[in-house]
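Below: one structure, written as structure tokens.
The values are calculated or read from the model by the stated rules, or taken from the named source; none is laboratory data. Since we're looking at a predicted model, the values are computed, not measured. For neighbour counting, all protein chains shown are included, and Cβ atoms are generated from backbone atoms with ideal geometry for every residue, glycine included.
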Amino acid sequence: MNKKLIVIAGLAVFLAAGSSVAYATHAWGKYHWNLSTEDTLANPLKLGDNLTTANWESSLAGASDDWNDSVLKNQIVGGTSPDCDPTLGQVEVCNDAYGENGWLGIAQIWVYRGRDGHIAQGVVKVNDTYFNWPAYNSSAWRNLVVCQEVGHTFGLDHQDEIFSNANLGTCMDYTNDPDGTILGQLDNQHPNLHDYEMMETIYAHVNSTSSGPGNGNGNGGGNGKKPTGVGADINLNDPSAWGQAIKQDGEGNDSLYRRDLGNGLVLITHVIWEESVN
């Protein structure tokens, strides 16, 4: 099978491009929700379901269940934006036929600069234009992608960024063989123990929910008000709106972007391109 780029999106600071170290620390730098386990037991972080097909909804339900075995609890709720505009305090998850624009999927977070690095809101999109192609149109690909995308919005990086090496048995691993059946290897459709351990490290500290945005209820440091520059006036599907490229993927394509929106708010976009972009 030819190497295919997966729709894997992520959000913040990164490991060295092309790293092949298994089970390395894979937090996305300091970016995290301003939440503790206790907070999310009472009020789980909301995953807004704007998905339009049963296949995608099944994948999101599985990813939600998988990640609820970690210290950060989540809950699927009705989406608030069919156009996938961000919502303060939660992650909007969307699919659409975004066209042959080159990207398979993008994930974006809005974070506040400074010592805390708190995530205010997030968006995940998958491009049905490419997922309708036979190479990607399977439950294994959808499960891998949604599991990994959601993991990124919680603050996790990849465990590995090489498509052609052996699967690590985690959805936070690039692969050409998501369920492991083609090459007789580990299944990459779910988190593994190291992902859960990393989540414990990321959320080991307890932030006060009054110290910044992102407490899962839309009433963080912004007192429930949507921060300015959230993207309603920006075409977030257009790469020209993503800001400066700050990382390349293993294929040499720009894959991580940063845009300063002003007022201390930064937009981080991670993109994986369809193979023919190369």
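A few comments on the model shown:
- Looking across region 94-118, the residues that are in contact with a helix residue (DSSP H, G or I) (Cβ under 8 Å, 6 or more places away or on another chain) and over 19 Å from S255 (Cβ atoms) come down to N95, D96, A97, G99.
- If the condition is being surrounded by fewer than 18 Cβ atoms within 10 Å (Cβ to Cβ) and either at pLDDT below 95 or assigned to a helix (DSSP H, G or I) (or both), then region 63-77 contributes only D65.
- Restricted to region 46-59, and to residues there that are among the hydrophobic types (A, V, I, L, M, F, W, C) and touching a strand residue (DSSP E or B) at 6+ places or on another chain (Cβ under 6 Å), the residue that is farthest from D128 (Cα to Cα) is L47.
- You will find that of G216, G224, G229, G220, the residue that is on the phi < 0 side of the Ramachandran plot and either at pLDDT below 85 or in a strand (DSSP E or B) (or both) is G220 and no other.
- Qualifying residue in region 44-52 (condition: within 17 Å of the chain's Cα centre (by Cα) and of a type in the set (G, A, S)): yes
- The set of residues in region 146-204 being under 21 Å from D65 (Cβ atoms), in contact (Cβ under 8 Å) with a residue 24 or more places away in the chain and in a strand (DSSP E or B) consists of L156 alone.
- Sub-8 Å Cβ pairs linking a first residue in region 106-125 that is within 16 Å of K30 (Cα to Cα) and modelled with pLDDT of 85 or more to a second residue that is among the aromatic types (F, W, Y) and part of a strand (DSSP E or B), at least 6 apart or interchain, are H118/Y112; I119/W110; A120/W110; A120/Y112; Q121/W110; G122/W110, ordered by first then second residue.
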